[in-house]
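Notes to accompany the following structure.
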Amino acid sequence: MKISILGATGYTGEELLRILASHPEAQIQHLTSENQTGSSLHQVYPHLSQFYHDKLISIKEVDKIAANSDVVFACLPHGHAMDIGTRITGGGAKLIDLGADYRFSDPVVYEKWYRLPHVHHQSGAVYGLTELKREQVRNAKIVANPGCYTTASILALTPLLKADLVDTKTLVVDAKSGVSGAGRKTELMYHFCEVFESVQAYGIAGHRHTPEIEQELSETAGMPVIINFTPHLIPMPRGILSTCYASLKPEVTPEKVDEAFKSMYEGEYFIRLLGRGGYPVTKHTRGSNFCDIGWHIDPRTHRVIVVSAIDNLVKGAAGQAVQNMNVMFGIDEKMGLMQAPLYP
C-alpha cells in the first residue's frame, strides 16, 4: 500500500511511522510538515534514521500526494483535514483523519464545540472505532479515527449500554492522560516544571471529547445520552486511564455485567478483559494497540465502575488508524500491530 502522512512530525505522525516501519505492506510515499519542509525526517526524529530517509514536503502538494497514494493519514489540527478531504478522495486515495473533522454525524455539533464552519458535510465518513464499526470501516473512503479519551471511554461503557444494564442518566467518566495527548506544543501548561509531580483537571464540563463520547453511546443506547466527563493531565509521556461510573438498573446482577463484557468482546484480539475485580494499568498497554478493561460492582451503591487503559498514541491514535487501514484494504487486522507492550 502506498501511504502518505500529512503532519508527519507531530507525535501521532511519528507514532504512525514507528508502527509502519514494521508493516510488511506499507510503502511510504510522501510526508508533510509545514515547519520542517525540506528537511529529512531523520533530522527531526533521529530515532527513525535507520528506517526513513524521506524529505518532508508541504501540504500544498496535496493533489500530487493524493494521486500517488492509496491511503492518506491526516495528523493535522482540527479544521485542516476537511479543507482538503475532497481533493484527497477525488484523487483516488482513501483518507484516515486522526483529527476531529469527520467524527460527528451532525456537523452542527462539530461547529458548536469546535467553533468552525464544517465545509465537507456530505463526506460519508465512518467513525473508526474498529471493534464497534468494523463492517462500516471496511467499505469507507473516509474514516474518522476516534480521539484517545473517547476510545478508552466508549469501549468501557458500550457493553453496559448495549445490554441495557445501566441508567443512562448516571454516566460519569473520570479520565487521566499523559502529556503527549496534547500534541507537540510549547504552551506553559505542558512544560516540565508545570507537569512534574503534579496532577490537574482541565476542560471540566466543556472538553471537546464529550460530544464524541455522547454521540457513540447514544447510538448504542438508542436514545440521547449525556455524560459528565472530566479529563486530567498527569506527569507521564503517554497513556490513558479512564474510570467510568454508572448506576445499575435494579434487577441487574454482577453475572449479567460479566456476560455483557464477555459477549461483546469475545474474540477481539486488541481488547483484553481483566474481568470483574481487574485493575488495568497504563504501563501494561504502553507502546501497544491493546485496550485493557476491568470492572467492579459496588453493592452499597449498586453502581458499576469500569476501568480501561490504553496508550493514547497507539490504540488512542496511530495504532487504531493502522488497524482501520488494514480493515479498509482487506488484510490481516493485526498486521504491523503485534508489538508487545513496553515494560517497565
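Among all residue pairs at least 6 apart or on different chains, which show Cβ distances below 7 Å where the first residue, located in region 137-156, is on the phi < 0 side of the Ramachandran plot and the second is among the aromatic types (F, W, Y) and modelled with pLDDT of 95 or more?
I142/Y102; A144/Y102; A144/Y127; P146/Y127
How many residues does region 48-86 hold that are among the charged types (D, E, K, R), more than 21 Å from S123 (Cα to Cα) and modelled with pLDDT under 95?
1
Under 6 Å by Cβ, and 6 or more places apart or on different chains, what pairs join a residue from region 189-214 that is closer than 23 Å to N145 by Cα and assigned to a helix (DSSP H, G or I) with one that is open to solvent by less than 50 Å² (accessible area, probe 1.4 Å) and polar (S, T, N, Q)?
Sorted first by the residue in region 189-214, then by its partner, the pairs are H209/T150; E212/T150; I213/T150; I213/S153.
Take region 281-301 and flag every residue that is open to solvent by less than 10 Å² (accessible area, probe 1.4 Å) and not in a strand (DSSP E or B).
Selection gives T285, G287, S288, N289.
Can you tell me which residues in region 79-115 are of a type in the set (D, E) and open to solvent by 40 Å² or more (accessible area, probe 1.4 Å)?
If we filter region 79-115 for residues that are of a type in the set (D, E), which is where we start, we get 83, 97, 101, 106, 111.
Passing the criteria: D83, D106, E111.
Hey, can you tell me all the residues within region 118-135 that are surrounded by fewer than 19 Cβ atoms within 10 Å (Cβ to Cβ) and at pLDDT below 95?
H118, V119, H120, H121, Q122, G124 - these are the residues of region 118-135 that are surrounded by fewer than 19 Cβ atoms within 10 Å (Cβ to Cβ) and at pLDDT below 95.
What are the residues in region 304-318 that are over 21 Å from L171 (Cβ atoms) and either small (G, A, S) or modelled with pLDDT under 95 (or both), if any?
The answer is A317, A318.
Looking at region 55-78, which of the residues that are touching a strand residue (DSSP E or B) at 6+ places or on another chain (Cβ under 8 Å), closer than 14 Å to K2 by Cα and not aromatic (F, W, Y) is surrounded by the most Cβ atoms within 10 Å (Cβ to Cβ)?
Selected residue: V72.
The values are calculated or read from the model by the stated rules, or taken from the named source; none is laboratory data. Everything numeric here is computed off the predicted structure, so don't read it as measured data. Cβ atoms come from the backbone with ideal geometry, glycine included; neighbour counts cover every protein chain shown. All accessible areas refer to the heavy atoms of the entire protein, side chains included, with ligands and DNA or RNA removed. Shrake-Rupley method; radii C 1.70, N 1.55, O 1.52, S 1.80 Å.
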